[in-house]
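**Student:** Just passing along the structure, written as structure tokens.
Read the figures in this text as sums done on the coordinates, not as results from a lab. In this text, all values refer to a predicted model and were calculated from it rather than measured experimentally. For neighbour counting, all protein chains shown are included, and Cβ atoms are generated from backbone atoms with ideal geometry for every residue, glycine included.
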Amino acid sequence: MSKPSRRERIQEEFESGKTDFAGERLHGTRLDGVRLPGVNLQEARLTGANLQKAVLTGANLRGVRARAADLSGADVSAAVLDGGDFNRAKADETNLRGASLVESNWYLVPMTKADLRDAHLQRAQLRRCLLDGADLRGAQLTDCVLRQARYTQDTQWPEGFDGTRSGALGPGAVATGAWHKRAILIQYDLRGAKLEGIRLQGAFLVQCDLREADLTGANLRGAHILDSDLRGANLSGAILQGADLQSAHLTDTLLERASYDARTRWPRRFEVSATGAIGPATKLKERDLSGAKLPGLDLSGCDLSGANLQGAVLSRATLRGADLRGAVLSGVRADGCDFVKALLANTQMDHANLRRCLFTGADLSHADLRFSDLRKADFTGADLTGTNTEGVRK
């Protein structure tokens, strides 16, 4: 006679009246479809276990370790899961209605169409959860962490709870100035989202819908925007150095004053020079760039003569050999900027931050440097004929 499986043993023992399985080691065990209402599995080890369509209504699952477990379609309503670890588990269409999930961890868990009505989620970690179509009506979300959780138009939130400002990302989300460096966002619906100044350096945005989204001043340096829809989006003033936009849809995308460099990849036949963006292929002569944010941008050899860069941010930018004759750089923040062999004759650079700048071999004849900060700047071999240095800090 073959030895019964752990699943069969637990089901038989439960049906015989045993309900206490606290601390059981059930790593990777197939428990799909088991019926264990009210069972005590406190602090059980369920890592990688298959609990699909299991019935665990009213169960005690406090402190369970269920990383990568599959609870898809399971009925865990009214159960207690406080302090449980469900990191990278699966909970699509799981019934968690009325369950207590206080201080539990659901990092990166797909919870599509999960029933979380009246659930207790105080201080729970739902970071990067996929809440597509989930029902959270009546749920308690005090101090619940929803950072980068994905929601959709049919996700239902508790009455009075503003999901767009919760840290979760979805249609109409408000994430102004949020920090999502190196985030991985796959198939996020961010139509009409307010993402001004969002920081997405090195992030991956794959098949995301960003139509009509506001990304004004967003930092997308080195971001990979793959097969994403940016039609009608506003990227004015965005930082796009090193960004991969080759497969992005950019019809009617606003790029005025967005900065890019030679590493930025654009869609085939995309005419970046006609967008108002600022970069190596752009005509910048006599252009109004006042207040533009161009940190770290490489504009070596560019013609910026007569341009207005008053109050612009050029920190750590490279302007080697650039023509800035007659340009206005009053109040510019250019600390660490490379002006080697640049043409700066008759340039207004008063009240500017020029600390640690390299002016080696540059032509600064008759330039106005009054009251600028020149500490640790290098003027080796520079032409300073007639340069006004009144009140400078050295």
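**Student:** If you average the sequence gap of Cα pairs under 8 Å that are 6 or more apart and divide by the length of the chain, what percent do you get for the contact order?
**Tutor:** Computed over the chain, the figure is 5 percent.
**Student:** Using θ = phi - 60° and the Karplus form 6.51 cos²θ - 1.76 cosθ + 1.60, what ³J(HN,Hα) does each residue of segment 90-101 get, whole Hz, x for Gly and Pro?
**Tutor:** 10, 9, 5, 6, 7, 8, 10, 4, x, 6, 9, 10
**Student:** Which of rounded, prolate or oblate describes segment 283-394 when judged by the alpha-carbon gyration tensor and an a/c cut-off of 1.5?
**Tutor:** Cα axes put segment 283-394 in the rounded bin.
**Student:** Could I ask something else about it? Using a Förster radius of 45 Å, what is the FRET efficiency between ARG35 and THR251 based on their Cβ-Cβ separation? Nearest 0.05, please.
**Tutor:** Once the sixth-power term is evaluated, E becomes 0.25.
**Student:** When the Debye formula is applied to the Cα atoms of segment 82-141, each taken as the same point scatterer, what base-10 log of I(q)/I(0) results at q = 0.14, 0.28, 0.30 Å⁻¹?
**Tutor:** Here log10 of I(q) over I(0) equals -0.29, -1.29, -1.45.
**Student:** How long is the gain from ARG6 to ARG375 if the chain were fully straight, where each residue apart is worth 0.36 nm and the alpha carbon distance is subtracted?
**Tutor:** Extra length from ARG6 to ARG375 when fully extended: 125.5 nm.
**Student:** Using the alpha-carbon atoms, what tilt in degrees (0 to 90, nearest 10) does helix 6-15 show relative to the longest principal axis of the chain?
**Tutor:** Result, in degrees: 50.
**Student:** Let me ask another. For segment 19-41 and segment 259-282, compute the distance between their C-alpha centroids and round to whole Å.
**Tutor:** Result: 58 Å between the Cα centres.
**Student:** Under the rule a/c < 1.5 gives rounded, and otherwise a/b versus b/c splits prolate from oblate, where does segment 20-168 land using the Cα gyration tensor?
**Tutor:** prolate
**Student:** Output the pairs from LYS18/LYS90; LYS293/LYS376; LYS181/LYS376; LYS341/LYS394; LYS181/LYS394; LYS18/LYS53 with a Cα-Cα distance over 30 Å in this structure; if there are none, say none.
**Tutor:** With Cα atoms farther than 30 Å apart: LYS181/LYS376; LYS181/LYS394.
**Student:** Right, something else. What share of all Cα pairs of the chain, in percent, falls into each consecutive 10 Å distance bin?
**Tutor:** All Cα pairs considered, the percentages come to 5, 21, 19, 16, 14, 11, 8, 4, 2, 0, 0.
**Student:** Could I ask something else about it? Give me the dipole magnitude in Debye, nearest 20, for the chain about the Cα centre, with unit charges on the beta carbon: positive for Lys and Arg, negative for Asp and Glu.
**Tutor:** 960
**Student:** While we're looking at this one, here's another question. Which one of GLY237, LEU369, GLN122 is farthest out on the positive end of the charge dipole of the chain, using unit charges on Cβ (Lys, Arg +1; Asp, Glu -1) and the Cα centre as origin?
**Tutor:** Positive-most Cα among the choices belongs to LEU369.
**Student:** Students often get this wrong: which residues of segment 321-339 have the backbone nitrogen under 15 Å from the point 7 angstrom along Cα-to-C-beta of GLU286?
**Tutor:** 325-328
**Student:** Which whole-Hz ³J(HN,Hα) couplings does segment 69-77 yield from phi under the Karplus relation 6.51 cos²θ - 1.76 cosθ + 1.60, θ = phi - 60°, glycine and proline marked x?
**Tutor:** After applying 6.51 cos²θ - 1.76 cosθ + 1.60, I find 6, 10, 10, 4, x, 6, 9, 10, 4 Hz.
**Student:** Assign one of three labels to segment 128-174, namely rounded, prolate or oblate, based on the Cα gyration tensor with a ≥ b ≥ c the square roots of its eigenvalues; rounded applies when a/c is under 1.5, prolate when it is not and a/b is larger than b/c, and oblate otherwise.
**Tutor:** Note, shape of segment 128-174 comes out rounded.
**Student:** Percent of Cα-Cα pairs per 10 Å bin, from 0 to the last occupied bin, for segment 177-281, please list those.
**Tutor:** 18, 59, 22, 1
**Student:** Something else about it: What does the highest-first list of 147-156, 323-332, 194-203 look like by mean Cβ count within 10 Å?
**Tutor:** 323-332, 194-203, 147-156
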